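> Sharing a structure here in structure tokens format.
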Number of protein chains: 2
Amino acid sequence: MKLNTKSRYAVMALADMSKFPINNPVSLRDISLRQSISLFYLEQIFLKLKQNDIVKSVRGTNGGYVLKRDPKNIKLSEIFQALDQKVKTVGCKKDSKKGCNGKSAKCITHELWDELEIYINNFFENKKLSDLSLTRGNN
Amino acid sequence: MKLNTKSRYAVMALADMSKFPINNPVSLRDISLRQSISLFYLEQIFLKLKQNDIVKSVRGTNGGYVLKRDPKNIKLSEIFQALDQKVKTVGCKKDSKKGCNGKSAKCITHELWDELEIYINNFFENKKLSDLSLTRGNN
DNA sequence: TATATACCCGACTAAAATAGTCAAGTATTC
DNA sequence: GAATACTTGACTATTTTAGTCGGGTATATA
Ligand code: FES
Ligand code: FES
């Protein structure tokens, strides 16, 4: 089980932004430099964040991105969803009548993996961007 | 975040075995047929399970594999470890002085991912093979 | 003791996912 | 009008995953 860079970078970047006064546009270039994340990659990530109403953009000089909501109201689960990053532990299509082995109903372990999936999603559901302890000036 | 087939199949196969009387060797061929998992793939998986003292093998006709311990004493975390399957959510080398961004100490989000890693490992640590509800005759 | 069964184990490969790059554009401010 | 910075789709190298294969060895049973 591995967390991909896209999700990690997204949270890193948003955490970076949340250190600055709200309504103060932060440019991807700056985030890129501070967090050592490829600018091109950030662009890709922020496109999704914007489409999902987590940030809004300000174009032009001194532009950048701004958090659309207070970090207290941004759940990690939303960030993941924005990037199409799902927690997938079952081997089957959940709604299918068939199990992961193509047979009968669900396999012996389906219930277990389902429980795990819920367990993990629960973590993301209960964490907010504001829960990251951000001491200004750290990284 | 996705769980790979190796881990899933390993648990499936062991769950399958645990339905039979202990000391009764179960052949991979049978598991393969019942659970629709490639025999070759199972061989690969059981090699590891054996090396890690989770099962033992009985060679020859009527041979197969036998659980080395009571399912009550086999934690899922052991099964995962046996297959070299680690939960990895941080982007850095945990013991390194450098963060995932190559800079200074740990990055802004390190603590969060670390917490997640512990959280997930906790699930595997507390689940035993015997916790799978195995109604004999199901799959 | 021949034969079939079943484990043993390393090497190999196709396909999918990931991580990142690039190019050609548009809007805004100074 | 020049510089900055977002916009968007397409493209690619690398890595990981999932699975295959071949040529073994050990053992029970007939
Ligand atoms: S995981 Fe859902 S049927 Fe096997
Ligand atoms: S995740 Fe450990 S330093 Fe970034």
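> Enumerate the whole-percent occupancy of each 5 Å bin, from 0 to the last occupied one, for all C-alpha pair distances of segment A:1-110.
2, 11, 20, 19, 14, 8, 6, 7, 6, 4, 2, 0, 0
> Residue by residue through segment B:114-126, what is 3J(HN,Hα) from phi via Karplus (6.51 cos²θ - 1.76 cosθ + 1.60, θ = phi - 60°)? Round to whole Hz and write x for glycine and proline.
With the stated coefficients, segment B:114-126 comes to 5, 4, 4, 4, 5, 4, 5, 4, 4, 4, 5, 5, 9 Hz.
> Would you please give the FRET efficiency between residue A:126 and residue B:53, computed as 1/(1 + (r/R0)^6) with r the Cβ-Cβ distance and R0 = 35 Å, to the nearest 0.05? Could the numbers behind the result be given before it?
Working: r = 37 Å, r/R0 = 1.05.
For residue A:126 and residue B:53, the calculated efficiency is 0.40.
> Still on this structure: For residue A:125, what charge total do you get from the other residues with a beta carbon under 14 Å from its beta carbon, if Lys and Arg give +1 and Asp and Glu give -1?
Within the 14 Å Cβ shell, the charges total +1.
> Here's something else I'd like to know. Take the Cα gyration tensor of the protein assembly as shown, multiply each eigenvalue by 5, square-root it, and list the three semi-axes largest first, rounded to whole angstrom.
45, 19, 15
> Label points 7 Å out from Cα along the Cβ direction at residue A:81 and residue B:94: separation in nm?
Those two pseudo-labels are separated by 3.1 nm.
> How large is the charge dipole for chain B, taken about the Cα centre, if only the Cβ atoms of Lys, Arg (+1) and Asp, Glu (-1) carry charge, to the nearest 20 debye?
Values: 25 positive and 14 negative charges, 50 e Å.
Charge dipole, chain B, about its Cα centre: 240 debye, nearest 20.
> Through the Karplus equation 6.51 cos²θ - 1.76 cosθ + 1.60, θ set to phi - 60°, convert the phi angles of segment B:29-38 into ³J(HN,Hα) values in whole Hz; use x for Gly and Pro.
Per-residue couplings from phi come out as 4, 5, 4, 3, 5, 5, 9, 6, 10, 3 Hz.
> Quick one: A:69, A:29, B:34, fewest Cβ neighbours within 10 Å first, how do they rank? If you can, show how the numbers build up before the last one.
Values: A:69 14, A:29 11, B:34 17.
Fewest to most other Cβ atoms nearby, the residues stand as A:29, A:69, B:34.
> Relative to the longest principal axis of the C-alpha atoms of chain A, give the angle of the C-alpha long axis of helix A:39-51, reported between 0 and 90° and rounded to the nearest 10°.
Once rounded, one gets 70 degrees.
> Explain nothing, just compute: Karplus ³J(HN,Hα) = 6.51 cos²θ - 1.76 cosθ + 1.60, θ = phi - 60°, for every residue of segment B:106-113 in order, whole Hz, x for Gly and Pro.
The phi angles translate into 7, 6, 4, 9, 3, 4, 4, 5 Hz.
> Ok, one more. At 7 angstrom along the Cα-to-beta-carbon line, where would the label on residue A:4 sit relative to the other copies? Give the distances in nm, shortest first.
Going from nearest to farthest copy, the values are 1.6 nm.
> Please determine, in degrees from 0 to 90 and to the nearest 10, the orientation of helix B:5-17 with respect to the longest principal axis defined by the Cα atoms of chain B, where the helix direction is its Cα long axis.
That helix lies at roughly 40 degrees to the long axis.
> Quickly work out the residue A:104-to-residue B:4 label distance, labels modelled 7 Å from Cα along the C-beta direction, and quote it in nm with one decimal.
About 3.0 nm separates the two model spin labels.
> When chain A is modelled as a GNM with alpha-carbon springs shorter than 10 Å, which of A:111, A:78, A:125 fluctuates the most?
A:111
> Next question, about the same structure. Comparing B:23, B:62, B:73, which has the greatest mean-square fluctuation in the GNM of chain B with Cα pairs linked when under 10 Å apart?
Maximum fluctuation in the GNM of chain B, among the listed residues, is at B:62.
> Please identify, among A:98, A:19, A:88, the residue showing maximal mean-square fluctuation in a Gaussian network model of chain A using a 10 angstrom Cα cutoff.
A:98
> Modelled label-to-label distance, residue A:41 and residue B:114, 7 Å Cα→beta-carbon offset: nm?
Result: 2.2 nm between the two label points.
> Can you list the residues, at least 5 places off or on another chain, whose amide H is less than 5 Å from the amide H of residue B:55, using H built in the peptide plane?
B:50, B:68
> Counting Lys and Arg as +1 and Asp and Glu as -1, what is the net charge of the other residues whose Cβ lies under 14 Å from the Cβ of residue A:42?
Cβ neighbours under 14 Å give a net charge of +3.
Each value in this text was obtained by applying a stated rule to the coordinates, not by laboratory testing. From a predicted model like this one, the values you see are computed outputs, not experimental measurements. Heads up, the Cβs are rebuilt from the backbone with ideal geometry, glycines too, and the neighbour counts pull from every protein chain shown.
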